[in-house]
1. Which distance in nm do the two modelled labels at A302 and L330 give, with both placed 7 Å along the Cα-to-Cβ direction?
2. Let me know the volume per residue of the alpha-carbon convex hull for the range 109-264, in Å³.
3. For the range 13-37 and the range 152-180, what is the separation of their Cα centres, given in Å?
4. Over the range 218-296, what percent of the accessible surface lies on carbon and sulfur atoms, probe 1.4 Å?
5. For R214 and N10, calculate 0.36 nm times their separation in residues minus their Cα-Cα distance, and state this gained length in nm to one decimal.
6. For the chain, go through all pairs of different Cα atoms, get the mean of 1/r, take its inverse, and jot down that Kirkwood value in Å.
7. Report the FRET efficiency, 1/(1 + (r/R0)^6), for K250 and E204, where r is their Cβ-Cβ distance and R0 is 22 Å, rounded to 0.05.
8. Ratio to report: Rg/Rh of the range 204-259, with Cα atoms as the point set and Rh obtained by the Kirkwood method; give two decimals.
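The values are calculated or read from the model by the stated rules, or taken from the named source; none is laboratory data. Predicted model, so just to flag it, every value in this text is computed and none were measured. Cβ sites come from the backbone with ideal geometry, for glycine too, and all protein chains shown count toward neighbours. To get the accessible areas, we keep the full protein, side chains included, count just its heavy atoms, and leave off ligands, DNA and RNA. Shrake-Rupley method; radii C 1.70, N 1.55, O 1.52, S 1.80 Å.
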Amino acid sequence: MFQALVVDNNGGTVTASMQIVSEASLPAGNVLVGVEYSTVNYKDGLVVTGAGGLVKRYPHVPGVDFAGTVLESAYPSYRPGDQVVLTGWRVGEVQWGGYAQKACVDGGWLVPLPTGLTARQAMAIGTAGLTAMLAVMALEAHGLTPSAGEVLVTGAAGGVGSVAVAILARLGYQVVASSGRADAHGYLSSLGAATVIDRSPFAETAKRPLEGERWAGCIDSVGGNTLGRVLAQTRYGCSVAAVGLAGGNKLEHTVIPFLLRGVSLLGIDSVMCPRAKRLEAWNRLQASLPLDKLEAMMGEVALDEVPRVAAQILQGRVRGRVVVDVNKGLPP
């Protein structure tokens, strides 16, 4: 028996509560993991509150990320005592996830805990950090270099944005961070942003298909009008990596930036990312993300505090990364 945060649907009302759960209730899998840490992502907010309609079968244990120690394994790559990390693969959405003291999954979804990182640090990175690193890799693969010019990060105070700012700054890029939070300017500068700008101009619909060329690259976690404006301002032959839709999932814009400026729009997905690229990204995160910056963007909560944080992340009130100690205050 172990404790878990369980969401249920009672007549259309989704509720979340701490419950005692049996191992027999866990989904089928070939690796049993003793979970130590998880984290709160935007998708977790949707699942815990029921706002996204993502869960089709209740009761359900959310948590799209977790890190911990293998307890039992029938998968050849892992043995009891191995430290592992899971992000994505629709765990916490379709299959029970990391908001519990134990999780059972397919061993092919796991990666070894990167050398030099603790389980807590791995979850401070989590899906958000992995997505940020994949975006950096995609931009670099399309020709971005530190000497190219300003690189914009939108939604910069959020989880993906915070990690993206820190990584890009560490790699020597001239980072411009866009945020709607006046109190986040000092925070973003501390992560390495050379310039912090307000998000409000990007919220307006683009009046022209092309605007003045400014951005050598962009990691956009906002979508909607913001993405349209960014595309109109992206320099000739440069690229934008789209990683989120906090500002909307519709792109009402023209193809002219693609045709007249050769701009590329790169879609970034970390959920079903192939294992080889996933491992490459984790290795680069370990090498390129300053751990002191990671600590500065990290907050920590207990498992029973997740519903409160889940509501806050949907309201845009969570800055940086929130780590969940799933054993804090609970019996071992």
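1. The answer from the label model is 1.2 nm.
2. Roughly 121 Å³ of hull volume per residue.
3. Computed from Cα coordinates, the inter-centre distance equals 34 Å.
4. C and S atoms contribute 54 percent here.
5. 68.4 nm
6. 20.2 Å
7. Using R0 = 22 Å, I get an efficiency of 0.90.
8. 0.92
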